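Encoded as structure tokens, the structure appears first; notes follow it.
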Amino acid sequence: TRKITVDAAGEVAGLKDTINQMIATLRETTRANQEQDWLKTNLARISGLMQGQRDMNAVARLIMSELTPVVAAQCGAFFLAEAAEITAAADALPGGRARLRMIAGYGYPGGGDGVQESFAFGETLVGQAAAEGTRIHLTDVPAGYVTISSALGSAPPAELVVLPVLFEGRVLAVIELATFTPFSATHLAFLDQITETIGVTVNTIIANSRTEELLTQSRRLTEELQERSEQLQGQQEQLRGTNTELELKNAEIEEAGRALADRAEQLALSSRYKTEFLANMSHELRTPLNSLLILARLLADNVSGNLTAEQVKYATVIHGAGSDLLQLIDDILDLSKVEAGKMDSSPADVSFTSVIEYVESMCRPLTSDKGLGFTVSIADDLPPTLHTDGRRLQQILRNLLSNAVKFTESGEIRLVVKPVDRTRFQNPSLRRSPGVVAFQVIDTGIGIPAEKLKIIFEAFQQADGTTSRRYGGTGLGLSISREIAHLLGGEIEADSTVGKGSTFTLHLPMRRGAPAQPRELYRPSPDLARDSARDSARDTARDTARDTAPPAPRPAPQDDETLIGKRVLIVDDDVRNVFALASALELHGMEVCYADNGDSALEALDQPPRIDVVLMDVMMPGMDGNTAMAAIRARREHAELPIIAVTAKAMNGDRERSLDAGASDYVSKPVDTEHLLGLLRDHLA
């Protein structure tokens, strides 16, 4: 009986332990279920409150007012990453520091006492949590670190937690909470889960705000477009009203256009014939005129003494008339050369002393015969020489001074030579020259009316163009002088007052490079070009009479041996670019073939003869240039083929993409042909 009693007591004790364990397990399970129910209930409740919210500030206030008391916190703040700076946490470190701005709080101390409301990523624990994208949990908060205050008092919190709010790796916000009592594991788990929901809500609001902004902008643009459309409709109505009138006039205009075209063709043909005739006749007349002048001079000199005074006078008149005719022929020949674009120049260093000596010897007898004063003044600050064609300079000064003497009855003629400011000129040759010299021919003659100044430089024009004009001449001198001045890189200005005199000023560069070509007034016919060889002997005789040598022939261009005979494949879908590039390359002896897309380029490379270099346009429909270059490089036989990528886009990274695709070099449009030729030489050498 004793043994049975002991065994029964042991079984009862074991049963009590088992029941106690079950009760403890049940309590733990119940507690865990209650915590899960609490967590899920609050997650669902706060998530439901945030649904449908569209205002970020309102959502932030809602989160703080609901979240803070749920986790038994007494103070909190919501910091939003500024919209323009929301970025991945990895991009928020020094060198790319975004900022966080507080937009809502719960029991927050507010401004003053050193409390900040804006932080950069990485700055303080708030910025550090954003930079790392992970939660920071601070326990055992030191005294004086922060205080939680109310009207009745204040005290430091026991713990702080800083929570980054992320969406797909981007830090959108940071929430900071403080509590008097430690955060439980359930609170921390709840906070980790709720921040994910907050991240989705914040991202949705940001996206919706951007969408609304774009919609507002779209509506505004639509309204503007509508207004513009209405304006255009009104204009179209007006245009329809005028179309009828225009259609009626079109027939008249077309008919008049055909008549003008016929007339223009006739005028062009007439002008060509006129110029050719003047050029040919100038040569034909000069040969017999030379003999006439020589014989007239011999008779006027009367060396044998067997002529009467009357006969000598006749010979002198004949010689004078012949000399005038020779000058006229010279002017006509110069004009024909100007119009044909064949006048040339031979620049050299010309001393101002020699120019003044020529002017003195030429003009002094003319002014003495008319009783006019003549002075020459030259500035002291001029250099000894200028670089120009001395013969052409003398021709211009001779024309200007002769005109001054011709149209001056009393008073004086002055020539002033001085430097002037080059920056006031539009002429590039004058603006780029180290200096500009002015030759001013000043007279006290009859002057020129203002309305005539505009035409006196035109061929066969004079200020007095009537049949009864007082002064002779053909009106060619100023026209020729203007063209020669242009040939020398300069220009002529005229200023005049009727009854007081005129000033003609020749401006020339002190030094310039290659001589300018005269303005082309018309394109000479092939007949005139063929006749130039036949007439060269007469030109030489004429130039000898002027104490000048014929111009030296231009050197022939040298061929580029590196490029001659090389075959280049141009791949471009724009035939205008193909034509321009082909024209430039063929001038240097290259053979050009063409493909309008990448597929055609691959086919062309498979056909004989061998291609030496490829110019590949990048932007083409279908297979673009980069894809085509990669396909070419994939073929072993073309691994070393030079390929130069050509593109009009030229955006950042395009060069690298083309080089990675297999380009040997890269140029952008518009193409500098000299640069391209240099690249071709480098790759083909």
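The values are calculated or read from the model by the stated rules, or taken from the named source; none is laboratory data. Fair warning: this is a prediction, and the values are worked out from it, not measured in the lab. As a convention, Cβ positions derive from the backbone with ideal geometry for all residues, glycine included, and neighbour counts pool all protein chains shown. Side chains are part of the model used for accessible areas, which takes the heavy atoms of the whole protein and leaves out ligands, DNA and RNA. Shrake-Rupley method; radii C 1.70, N 1.55, O 1.52, S 1.80 Å.
To keep it simple, each residue is scored yes or no on (1) more than 23 Å from His507 (Cβ to Cβ); (2) in contact with a strand residue (DSSP E or B) (Cβ under 7 Å, 6 or more places away or on another chain); (3) open to solvent by less than 40 Å² (accessible area, probe 1.4 Å); (4) modelled with pLDDT of 90 or more.
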position	(1), (2), (3), (4)
Asp334	no, no, yes, no
Pro347	no, yes, no, no
Arg364	yes, yes, no, no
Phe374	no, yes, yes, yes
Ala379	no, yes, yes, yes
Leu415	no, yes, yes, yes
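Okay, residues lined up against (1) within 19 Å of Ile492 (Cα to Cα); (2) among the acidic types (Asp, Glu); (3) in contact (Cβ under 8 Å) with a residue 40 or more places away in the chain:
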position	(1), (2), (3)
Pro365	no, no, no
Gly390	yes, no, yes
Leu397	yes, no, yes
Leu415	yes, no, yes
Thr423	yes, no, no
Ser433	yes, no, yes
Ile448	yes, no, yes
Lys452	yes, no, no
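Among the residues of the stretch 259-269, count how many are open to solvent by 70 Å² or more (accessible area, probe 1.4 Å) and under 40 Å from the mean Cα position of the chain (by Cα). So the count comes out to 2.
Residue under question is Gly144, and the condition is that it be modelled with pLDDT under 85 and open to solvent by 20 Å² or more (accessible area, probe 1.4 Å); does it hold? Here the answer is yes, as Gly144 does meet what is asked. Among the residues making up the stretch 417-449, those that are part of a helix (DSSP H, G or I) and either modelled with pLDDT of 90 or more or in contact with a strand residue (DSSP E or B) (Cβ under 8 Å, 6 or more places away or on another chain) (or both) are Arg422, Ser429, Leu430. Of Ile632, Ile644, which residue is of a type outside the set (Gly, Ala, Ser), in contact (Cβ under 8 Å) with a residue 24 or more places away in the chain and either surrounded by fewer than 15 Cβ atoms within 10 Å (Cβ to Cβ) or within 17 Å of Lys566 (Cα to Cα) (or both)? Of the residues listed, the single one that is of a type outside the set (Gly, Ala, Ser), in contact (Cβ under 8 Å) with a residue 24 or more places away in the chain and either surrounded by fewer than 15 Cβ atoms within 10 Å (Cβ to Cβ) or within 17 Å of Lys566 (Cα to Cα) (or both) is Ile644. When Ser410, Ser433, Ser402, Ser429 are checked against the criterion of being open to solvent by less than 20 Å² (accessible area, probe 1.4 Å) and among the polar types (S, T, N, Q), Ser433 stands alone in meeting it.
Restricting attention to the stretch 35-53, the residues that are more than 15 Å from Thr186 (Cα to Cα) and either among the aromatic types (Phe, Trp, Tyr) or part of a helix (DSSP H, G or I) (or both) total 7. Among the residues of the stretch 497-517, which ones are farther than 12 Å from Ile396 by Cα, buried (at least 19 other Cβ atoms within 10 Å of the Cβ) and at pLDDT 90 or above? Gly501, Ser502, Pro509, listed by residue number.
Take the conditions at negative phi, modelled with pLDDT of 70 or more, loosely packed, with under 15 Cβ neighbours inside 10 Å and in a helix (DSSP H, G or I) and apply them to Glu284. Does it pass? It is false that Glu284 is at negative phi, modelled with pLDDT of 70 or more, loosely packed, with under 15 Cβ neighbours inside 10 Å and in a helix (DSSP H, G or I). Could you check the stretch 188-227 and list, in sequence order, the residues that are surrounded by fewer than 11 Cβ atoms within 10 Å (Cβ to Cβ) and among the basic types (Lys, Arg)? Arg219, Arg220, listed by residue number. Looking at Ala32, is it outside any loop (DSSP other than H, G, I, E, B), without any contact (Cβ under 8 Å) to a residue 60 or more places away in the chain and open to solvent by less than 60 Å² (accessible area, probe 1.4 Å)? In short, yes. Return the residues of the stretch 664-685 that are more than 17 Å from the chain's Cα centre (by Cα), part of a loop (DSSP other than H, G, I, E, B) and free of Cβ contacts under 8 Å to residues at least 40 places away in the same chain; say none if nothing qualifies. The one that is more than 17 Å from the chain's Cα centre (by Cα), part of a loop (DSSP other than H, G, I, E, B) and free of Cβ contacts under 8 Å to residues at least 40 places away in the same chain: Ser664. The set of residues from the stretch 573-597 being over 21 Å from Thr562 (Cα atoms), modelled with pLDDT under 90 and open to solvent by less than 30 Å² (accessible area, probe 1.4 Å) comprises just one member, Val578. When residues of the stretch 663-681 are filtered for being within 19 Å of Glu591 (Cβ to Cβ) and among the charged types (D, E, K, R), how many remain? Matching residues across the stretch 663-681 total 1.
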